[in-house]
Each structure stands twice: as C-alpha cells, then as structure tokens.
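The values are calculated or read from the model by the stated rules, or taken from the named source; none is laboratory data. Because the structure is predicted, anything quoted here is derived from the model rather than measured. So basically every Cβ, Gly included, is an ideal-geometry build from the backbone, and we count neighbours across all protein chains shown. Just the protein is used for accessible areas: all its heavy atoms, side chains included, with ligands, DNA and RNA removed. Shrake-Rupley method; radii C 1.70, N 1.55, O 1.52, S 1.80 Å.
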Amino acid sequence: MIFKLNSYYRIYVLSMVIGSTGCNPSENSSIALIPKPTEISVSNRTFKINDETQLYFDSESFTNAEVVRKYLKNITSFDLEIVDEEKKNMISFKIGDLPSNEYHLSVNEDRIELIGGSNQALLYGFQSLRQILLMNGGYSVPILEIIDRPEFAWRGLLLDCSRHFMEKHFVKKYIDLLALYKMNVLHWHLTEDQGWRIEIDKYPKLTELGAWRDDGKGGKYGGFYTKEDIREIVDYALARGVTIVPEIELPGHSQAALAAYPEYSCTGGPFEVETEWGVFKEIYCAGNDSTFSFLEDILSEVIELFPSEYIHIGGDEVPKYRWEHCVKCQRRIQAEGLHDEHELQSYFISRIGSFLASKGKKIIGWDEILEGGLPEGATVQSWRGFEGAKTAVKLGHKAIVSPTSHAYFDYGLNDIDLEKVYHFNPIPEGLTKQEKEFILGGECNMWSERAPQTKIDSKVFPRLIAMSEVLWSGQGQKNFNEFRSRLSQHYPMLDKLNVNYGFETVPVKIETQSENNNLKVSLVSYDSTLIIYYHDGLKNYTYTNPQKILESTSWAITFGKGTSIFKDTIYQRFEPHLANGLKPKVEAEYHSNYTAGGAYGLTNGTKGTNQFRDGNWQGYWGDDVTATLDLGELISIQQLSSGFLQYNNAWIFFPVEVTYEISSDGINFSSLGTVLNSDSPRNKEQKTQEYTLVLQDKIMARYIRIKAKNLGFCPEWHDAAGSKAWLFIDEISVK
C-alpha cells in the first residue's frame, strides 16, 4: 500500500494522539520532557521569567552564554542581561563535580539553577529547560528537580545531502532539532554516486562537475557546500553540543568523483554523475597508488574542516566486478599476498585508516568492512541487522547500531512506525556485560533517494523523537502509551518550530480475510474519529463496514476529519480467488524486510504496485520460490497466476520462468505448464508482471505448486554483477 503526506497532517496527528490517549494538551505539559529524565520531581508552583530576569555563567560555562541567550530571546522575546554575580530572579549555569554527561536542573520560586559535569552536560540541561518553556508559552517553569544523564554516548542522525542537496539553513535547522532532543551526532553524508557536496581546493572538478547531474529536463540538478559554509555549519553545531561526522564514501558509491577524475577508476572512464538510484560497479581502483594519493589529499582537506574524532569512510555496497577484471587490482592482490577481492577491500580500508590515524583520526565504516578482515581501530556501523555490531564487539571493536529494521527513516510507516522505533534496543542479544560497553549507541538514517529536502521533516518526525528517548533513556521501564501522551504535547511545539512532521503509523490499514470463498476487506484506523472514503473506479463511498470483493478491483482510499478530506491517497488492488486465506508452504524463507504481511502474504488478496516497499511484496534473496497450496478438497480450476516485480537498480528481477504443478494427494505432482519471462532483465523500468497459465479445459486438483526460478545473480552487464538477485512475489491466484 502507498500513501503520500500532505499539508493537513499536523491537525490530524495531534487530534489522533490526544484522542487515543485521553490527554488534555494543557495538562502536565511542564513535565512532558522527551527524552524522559533519569529522575524528576515536580511541584505545582512556578518560577516565571520576566524582562528583569538575568543570566549568570561561571567562568567555565561562559562558552555557552550567547547560544543560551539567543535561544531564550527567541522563546521569551526578552533580551536577558548576563551578569557576573548570582542573585534572585536569575538563571545560573555552573560546572560542578558531576560525571561529564550529567546535569542537575533545580527550579525554585527565586531562580533556576543548572549544574553540569561539562559544558556539554549544561547544554543538555538547557534543552530540557527550552522544551519546558516552549510547551508552557515561553515564561513559566514549574518548581522541579531533575537529575539526568544519557544511556548511550552516540545518539545520531544520518542526513544524506548527496542524493538530494539540502540548503545550509536546512542543515542548521536540523542541528537545532537534534540539540532540542539531546541527540549529539550529525552524520553528514557528503559524497555519493549522484553528487559530490564538499569543496576540495586541490580537485576543483569534484564540485565543478561532480556536484551536478542531469535533471532529465535538459538542465542540471545539484549543489555543494563551500569550505566557508562547512566551517559555519560545524561551528554552529559545536556551539549547540552536536558533533558533525562527515562521510566520504570509498571505495564504492564514488561515481560522482570518478565523473570528475576518471583516471582513479579501473577503466579510465568516461563517466557521468549517476542519475538513478542503486549500486554501481564504477569504484576507485585499488591497484593504482595514485588513487590513494588522491583520497589522502581529499581527506587532508576534510580533516581541516571537521574537528570530530571520527571520519566515516563508508565501505558499503562495493561491487567487486571491476577489481576482478582489473590488471592493476589483480597485481595488488598478488603483491600483498591477499586471497580475494574481499581482502583487497580490507587492504583498501586499512590503508586509508592508517593514513587517518597518522592525522589523529579514527575511522567508522558500514558493516561490510568486516568482510576480508576488520582494520585496526575501526568502528563498525551495523546496518544489515545486528550481526555486524555483534561481530565487531566480539573482536574488541566499537560499534554503532542503526539497522534497517528500526532505524531507516527513508522506509515507509508500513515498515517502521513510531512504536517500532520506540521499542528498538541498540544492544544485540547474546553479549556479555563487558562486550555491551563497546556499543557506542545508535543512529537513525535519513537516506534521501526518494526524499528531497521538502519531504525530510515528514520522514524524520516524529520518529526521531522516539529514537532520542531510546538512546538517552535506555530500555528501563518503557511504556509506549505514556510516551505518546508526552509526545502529544510536543506537536504544538514542533508547529512553532516549523517542523512539517508526519504520521506516527499508517493512518489507514487494509485487512483482508476469506469468508465462505469470499474476500472481505476492512479499513482500520487507530483514530476512531477518522472518516474513511474509497473509490472503486466507478463511485465514491464512505467506509462503514467490511466489504465483500467479488471480482478483481482497485480502490483509491482517502480519509479526513469533519468536512475536511486529506489529500493523502492509498491505492490498493484486490484479487479474490479460490486460495484466498490459505497458508502456503514455501520452501525458501522470505526476507524479514519484505514479508507482505507474513505467512499468509501470498494469498491475502492484495496485489503489489511497482514500489517494492509498498508492503505487498515478499522478497527472496538469491533463492528460487517453491510454494505449495492445499485447497482442502478436490476443486475445479482453470487458471493459475502469480505476480512479480522488476526493478533492476535494486537488484530485483522477474523470474526466468514459473512452473505450475497439481496433485490430488500432495505427494505426486504433474506439471500443467511453464510461463516464461516476457521482459528483459535489462529493462530499468519499475514494473510488475503476471505469470498466468490458462488451461484449455477445467481440471480437478487439491494441491497447487508454483516453482518460480530466480535469476540467481545480477548479470555481468549489471552494476552489481555477481551479487545475489532478488525475487519479489505478491500473490498466488487460483481460479
């Protein structure tokens, strides 16, 4: 199912949350802090800021003074005076004898006092005060005591500004929002196949050519950050307690750089900055010493701009095809005594890591850097599940956990909604107490292939708020309903901050069931006040009760409040047939990211679109699909069909062929025929195909077996040549 966000969602989400929790937004707003503090006690009395309130900073905390003063002026409109002695009607900031990340916030009727173990801790404490003021109209703070500290040291957001360029003011906005929720790392993804975004003096063509791609309309799309821009953004972040970690992708995801300097590839080019999404075979040549000189020159300039302890070097999704066919790379494998191209990648990463270490920097890489041997001192960012982190810490390396299952905010709400993020635990199972200490924390990843700047807010919020509580407050005594009650009081605050947040979960869920050989469709929302409409191609209806579907049909589903209809539309095709609701026995195991709803996903009567993340597709990686259905008794059939998806940039291909078999006893099967793929694997269009077998005469059968032959591997011409191919299936239809 697919839905799009629109300009009405603010009112919808707020009313939905309040309606479901029974919470009045004016109640308890003074303590609706997110992340939840470690300890808090609150009185019903208040301290009120006025134009005579003053600010005091001790000598060690004065570096925070101007940032605090500007924030308070924006909230209260008062330009509060900074004084050099403590008195009444004051907000004071002091460094105290506390752990470096801990703060104590104390409010009485005379003053607000904030004590932190460091300037960073004081900024965390101030963000709690900032939230309270934003939720209470800007002036009133309840009498309270807070003792607070984070569970994890690394609490980050990855912002991909390479697939889609994002303007400087927008990056600053996100730094402010990260600070508000005590997130302390902005992982800034600056280089990709589709664009190079950082100015490098020694190699000007990186931004002259590499920062721009064809827009499909005869023009160019892109942009980059000058060194002046980056220094300004880095300083802005540091003043707010946010560390920026740049990511310079290597050795893969580098086509934009190679379009500018093709001599550092295996073939010499020429190349264009990539205009499509996916994984591409053009990567840096590992056999050419000049490649390393090129990258070391670039990284030397990057280091001057970013004071972070870490540099992220990517290391993910590196097709080995070019290295396998490159004389220089094969010579390097022999000269270094390496076994294969995986060890060549480890050599590549280790060489870059050694260079960065000589400059006082540490590397972070995606979990593929484990393949072929983990470089000394490297930190692993685990994205393909939790195993990368688990392996890394057992080898004595630090890890950051940001799996696709919980932390990829480019995914839709049907995959990762607010509740799923809230229940994320960054600690992999099976670690000892000592090994757990190597887990630095986690990140939420906002990849921007399908999310330009205008869509980022609705993807990131409110899910980032749940992640902030996971990483700051830990697992503790978690209560999702209590969290949502606090969250409901943050939506008006986000409105003030011009955050165009999205939904907490899929606003309307589609449920199907088989009843007396009929397909019944229910439209369910967790907001009982939502009015749901559907159009069946002929007429508009207001949904009130489950509907029987007697023939193949498509619905356009909309919803609204009162007289307002939101512009969001969910498109769904339904397919009634004899096997609806039966559980197929599938020999292969579908991937946990693409389940189509689970065990009954291939017979639930819902058809997929050309979007592989629409929730209707079951994905199988490298495997053929053999599925058997038991109809329960001998039934007359005349048509068998199954639907598949192709999107070869995502390594998804139509099956080579689909064979249909029948049996009366479930043991002895006979073939009815084979349907061949009618399309080319080279077709880059995202499209679906029905593999339909129509019998000349009806035949009796109880068991139906489908055998779909996976392409197996991406073909030699493909950018991911040699990688396992995906097979995506949505429904097995029996008529």
Out of the range 493-520, which residues are among the hydrophobic types (A, V, I, L, M, F, W, C), out of contact with any Pro (no Cβ under 7 Å at 6 or more places or on another chain) and more than 17 Å from Asp415 (Cβ to Cβ)? Met493, Leu494, Leu497, Val499
Please work out which residue is most open to solvent (accessible area, probe 1.4 Å), limiting yourself to the range 590-604 and to residues that are within 22 Å of the chain's Cα centre (by Cα) and among the polar types (S, T, N, Q). Ser592
For the range 474-490, which positions are surrounded by fewer than 17 Cβ atoms within 10 Å (Cβ to Cβ) and touching an Asp or Glu at 6+ places or on another chain (Cβ under 7 Å)? Phe480
Unique match (being in contact with an Asp or Glu (Cβ under 7 Å, 6 or more places away or on another chain) and closer than 17 Å to Leu159 by Cα) among Tyr236, Tyr225, Tyr221: Tyr225
Being open to solvent by 10 Å² or more (accessible area, probe 1.4 Å) and out of contact with any Pro (no Cβ under 8 Å at 6 or more places or on another chain): is that true of Cys266 here? yes
Entirely in the range 386-503, the helices (runs of 4 or more DSSP H) that have 3 or more residues that are within 17 Å of the chain's Cα centre (by Cα) and closer than 20 Å to Leu158 by Cα: 418-422, 453-460, 463-473
Of everything in the range 611-637, what is small (Gly, Ala, Ser), assigned to a loop (DSSP other than H, G, I, E, B) and either touching a helix residue (DSSP H, G or I) at 6+ places or on another chain (Cβ under 9 Å) or more than 19 Å from Asn414 (Cα to Cα) (or both)? Give them in sequence order. Gly622
In the range 126-171, what residues are of a type in the set (S, T, N, Q) and in contact with a Leu (Cβ under 7 Å, 6 or more places away or on another chain)? Gln127, Ser128, Gln131, Ser162
Filter the range 208-255 for residues that are polar (S, T, N, Q), in contact (Cβ under 8 Å) with a residue 40 or more places away in the chain and open to solvent by 10 Å² or more (accessible area, probe 1.4 Å); the one that is nearest to Gly314 (Cα to Cα) is Gln255
Result of the Cβ filter at 6 Å on the range 709-733, keeping first residues that are on the phi > 0 side of the Ramachandran plot and partners that are assigned to a strand (DSSP E or B) and open to solvent by 50 Å² or more (accessible area, probe 1.4 Å), at least 6 apart or interchain, is Gly722/Phe713
Any pair with Cβ under 8 angstrom, 6 or more apart, that starts in the range 261-273 at a residue that is over 13 Å from Cys326 (Cα atoms) and ends at one that is modelled with pLDDT of 95 or more and basic (Lys, Arg): Tyr261/Lys205; Glu272/Arg213; Val273/Arg213
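May I ask you to list the residues in the range 504-516 that are hydrophobic (A, V, I, L, M, F, W, C) and part of a loop (DSSP other than H, G, I, E, B)?
Those that are hydrophobic (A, V, I, L, M, F, W, C) and part of a loop (DSSP other than H, G, I, E, B): Val506, Val508.
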Filtered residues of the range 52-80 (kept if more than 22 Å from Tyr124 (Cβ to Cβ) and either in contact (Cβ under 8 Å) with a residue 40 or more places away in the chain or loosely packed, with under 13 Cβ neighbours inside 10 Å (or both)): Glu52, Ser77, Asp79
Report whether or not Thr674 is among the β-branched types (Val, Ile, Thr), closer than 17 Å to Lys709 by Cα, open to solvent by 30 Å² or more (accessible area, probe 1.4 Å) and in a strand (DSSP E or B). yes
So Ile34, is it modelled with pLDDT of 95 or more and either farther than 30 Å from Val421 by Cβ or assigned to a strand (DSSP E or B) (or both): no
Residues being out of contact with any Lys or Arg (no Cβ under 8 Å at 6 or more places or on another chain) and outside any loop (DSSP other than H, G, I, E, B): count how many of those fall in the range 210-227. 1
Residue among Phe280, Phe306 that alone is closer than 30 Å to Tyr236 by Cβ and touching a residue at least 24 places away in the same chain (Cβ under 8 Å): Phe306
In the range 501-546, residues that are open to solvent by 50 Å² or more (accessible area, probe 1.4 Å), out of contact with any Phe, Trp or Tyr (no Cβ under 8 Å at 6 or more places or on another chain) and among the polar types (S, T, N, Q) total 8
Test for Leu344: is it assigned to a loop (DSSP other than H, G, I, E, B) and more than 20 Å from Thr191 (Cβ to Cβ): no
Strands (runs of 3 or more DSSP E) contained in the range 517-572 and holding at least 2 residues farther than 29 Å from Gly632 by Cβ: 531-535, 540-542, 553-561
Quick check on the range 638-660: of everything there that is surrounded by fewer than 20 Cβ atoms within 10 Å (Cβ to Cβ) and either among the hydrophobic types (A, V, I, L, M, F, W, C) or in contact with a helix residue (DSSP H, G or I) (Cβ under 6 Å, 6 or more places away or on another chain) (or both), which residue is nearest to Asn593 (Cα to Cα)? Ala650
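Which of the residues spanning the range 713-735 are of a type in the set (A, V, I, L, M, F, W, C) and open to solvent by less than 20 Å² (accessible area, probe 1.4 Å)?
If the condition is that a residue be of a type in the set (A, V, I, L, M, F, W, C) and open to solvent by less than 20 Å² (accessible area, probe 1.4 Å), then Cys714, Ala720, Ala721, Ala725, Leu727, Phe728, Ile729, Ile732, Val734 are the ones that fit.
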Which number in (1) crowded, with 19+ Cβ neighbours inside 10 Å; (2) closer than 30 Å to His169 by Cβ marks the one condition that Asp495 misses? (1)
Condition first: under 22 Å from Ala121 (Cβ atoms) and assigned to a loop (DSSP other than H, G, I, E, B). Now tell me which residues in the range 85-102 satisfy that. Glu86, Gly96, Asp97, Leu98, Pro99, Ser100, Asn101, Glu102
Which condition breaks for Lys684 when tested against (1) open to solvent by 60 Å² or more (accessible area, probe 1.4 Å); (2) assigned to a loop (DSSP other than H, G, I, E, B); (3) farther than 30 Å from Ile570 by Cα? (3)
From the residues in the range 293-313 that are of a type in the set (Val, Ile, Thr) and assigned to a helix (DSSP H, G or I), which one is surrounded by the fewest Cβ atoms within 10 Å (Cβ to Cβ)? Ile303
Quick check on the range 108-162: of everything there that is at pLDDT 95 or above, among the small types (Gly, Ala, Ser) and not in a strand (DSSP E or B), which residue is farthest from Thr379 (Cα to Cα)? Ser128
